Structure formats: structure tokens, C-alpha cells
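Below is one structure, written out as C-alpha cells, with a few remarks after it.
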Amino acid sequence: MGDVAFAQADFYNAIQYYKILIEKDTTRLDLNYSYAEACRYYHNYEEAIETYARVIRQDKDIKYPLSYFWLADLNKTKQSYKLAKSLYSQFISKYSVNNDYYFKKGSHEVSALDISIIINNSKPLGSIENLGIDINTSYSELSPFPVSDTAFYFTSLRVRTDQIESNEALMENRFKIFKAIKEDELWYIDEDEK
């Protein structure tokens with residue numbers, strides 16, 4: 001029943017069926033692996049991580065090498081980059097198909113995670129702050145380009161008050177480039193540049 005529910009992408013019920021069967025026989029790797037897969041697809045990542053780890057501990061003959069891959073992937077999602085890198089490396093060493101998607105992806109992730117580890121351990125070079133309602137509106141401001149410590153250009157989608165009630169009028173809006181300037185510690189739109 002669990003396999004049928006899984007095949008129909010009914011992961012919630014697949015989890016329930018697999019759980020009942022696993023309670024009767026916790027040593028069945030096929031059920032544990034299927035349960036982990038259903039949990040992953042259902043986005044129950046904590047349970048999937050725990051179950052993939054259990055499969056890896058019990059899988060002496062490496063019948064389920066993708067357990068390493070998916071456990072690594074889930075740990076990467078949870079920002080456990082060092083553990084993810086180690087698991088991807090273990091996967092590559094145990095996986096026999098050296099030219100398929102999983103092998104290539106695992107190999108790529110090992111090197112890519114080095115960058116993630118560096119970024120995760122580095123301190124930000126600046127901070128993000130709201131510059132006031134003249135600059136940060138409830139619409140869209142993006143692509144800042146600094147000119148100096150007291151000026152920058154940015155794009156914004158500004159809406160006039162007469163356009164708020166009309167969807168047709170809103171559709172006429174386009175992004176425009178603005179210049180922001182800082183005077184007396186406050187930021188303003190440079191009216192000369194509008």
C-alpha cells in the first residue's frame with residue numbers, strides 16, 4: 001500500500017503505511033529507504049534525515065547509496081555545509097555509476113560547498129537598512145549603484161496616488177532611475193535628477 005500511495009504522489013499516506021510496516025520490522029532497509037524518500041518528498045526533512053542516517057548505518061552492502069546523496073542534500077538545505085560535504089564525498093566513493101546525474105551533482109557539490117562554508121563563516125561587509133519613505137517605498141526599489149558615500153542611483157517602480165485605484169493605470173508604470181542623496185544624515189531623492 002505504501003508503494004502504491006508513493007507512486008500516486010500521495011506522500012502523506014505513503015508515510016503512514018511505511019511507518020506501520022517499519023514498526024513491525026525495523027530492519028527492512030527497503031521500507032526504511034522508501035519511508036525516507038516519502039518524508040523527503042513530503043518536506044518532513046527532520047524525519048527524512050533521521051531515516052536516511054538509519055539506512056546508512058544498517059546498509060552494510062551499500063544497496064542504497066543514494067541515501068548518502070539525499071542525506072547530504074538535506075543537510076545542505078539546513079546549512080550544515082561541512083557535514084553535507086563529507087556525505088557527498090562518501091557518496092562519490094561508494095557510488096558505482098561514475099557518469100550519471102547523481103555522481104556529477106555530488107562531485108560538483110563537494111567543490112561548491114567549499115564556497116558555501118567560506119561564505120557561511122564570513123562576516124557581512126555592510127548592513128541593510130531602511131533609508132526612509134522617500135527612498136524605500138512599499139513598491140519596488142532595486143539595483144543600487146553607489147556613486148559616493150552620499151549618493152547612489154537606483155531603479156524604482158513608483159505609483160502616483162491617482163493610479164492606485166485603477167489596474168489599467170498601474171499597468172502603464174515602468175521602472176525609472178532615481179538618484180538618492182544624503183544630507184544631514186537623511187536620504188532624499190535628488191529632485192534635479194528626476
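The values are calculated or read from the model by the stated rules, or taken from the named source; none is laboratory data. What you see is a predicted model; the values in this text were computed from it and never measured. Virtual Cβ from ideal backbone geometry, glycine too; neighbours counted across all protein chains shown. Accessible surface is based on the protein model in full, side chains and every heavy atom, while ligands, DNA and RNA are left aside. Shrake-Rupley method; radii C 1.70, N 1.55, O 1.52, S 1.80 Å.
Separation of the range 1-50 from the range 111-149 is 41 Å, based on Cα centroids. Compute the long axis of helix 11-24 from its Cα atoms, compare it with the longest principal axis of the Cα atoms of the chain, and write down the angle in degrees, 0 to 90, nearest 10. With rounding to tens, the tilt is 30 degrees. The residues packed around residue 5, meaning those with a beta-carbon under 13 Å from its beta-carbon, carry a net charge of -2 if Lys and Arg are +1 and Asp and Glu are -1.
Can you return the lysines within cross-link range of residue 94? Criterion is Cα-Cα under 20 Å, with same-chain partners fewer than 8 residues away left out. Result set, ordered by chain and number: 60, 63, 76, 82, 85, 104, 105. Counting only lysines at least 8 places from residue 179 when in the same chain, those with an alpha carbon closer than 25 Å to its own are 194. Helices in the chain, meaning DSSP H runs of at least 4 residues, each add -39500 (n - 2.57). Divided by all residues, the mean residue ellipticity at 222 nm is -16000 deg cm²/dmol. Accessible area of residue 4 (1.4 Å probe, protein heavy atoms only, ligands and nucleic acids ignored): about 80 Å². Between residue 134 and residue 153, full extension at 0.36 nm per residue minus the direct alpha carbon distance yields a gain of 5.5 nm.
Highest mean first, the peptides 71-82, 5-16, 119-130 sorted by other C-beta atoms within 10 Å per residue fall in the order 71-82, 5-16, 119-130.
Label the range 1-137 by shape, choosing from rounded, prolate and oblate, from the square roots a ≥ b ≥ c of the eigenvalues of the Cα gyration tensor; if a/c is under 1.5 it is rounded, and otherwise prolate applies when a/b is larger than b/c, oblate when it is not. It comes out oblate by the Cα gyration axes. With contacts taken as Cα pairs under 8 Å at a separation of at least 6 residues, the chain carries a relative contact order of 10 percent.
Couplings 3J(HN,Hα) of the range 179-186, computed from phi: 10, 9, 10, 10, 9, 6, 6, 10 Hz, in residue order, whole Hz [Karplus 6.51 cos²θ - 1.76 cosθ + 1.60, θ = phi - 60°; x for Gly and Pro]. Distant-in-sequence amide contacts of residue 78, defined by a placed amide H-H separation under 5 Å and a gap of 5 or more residues or a different chain, comprise nothing. In order along the range 78-84, the Karplus-derived 3J(HN,Hα) couplings, from 6.51 cos²θ - 1.76 cosθ + 1.60 at θ = phi - 60°, round to 8, 6, 8, 5, 5, 5, 4 Hz, and Gly and Pro are given as x.
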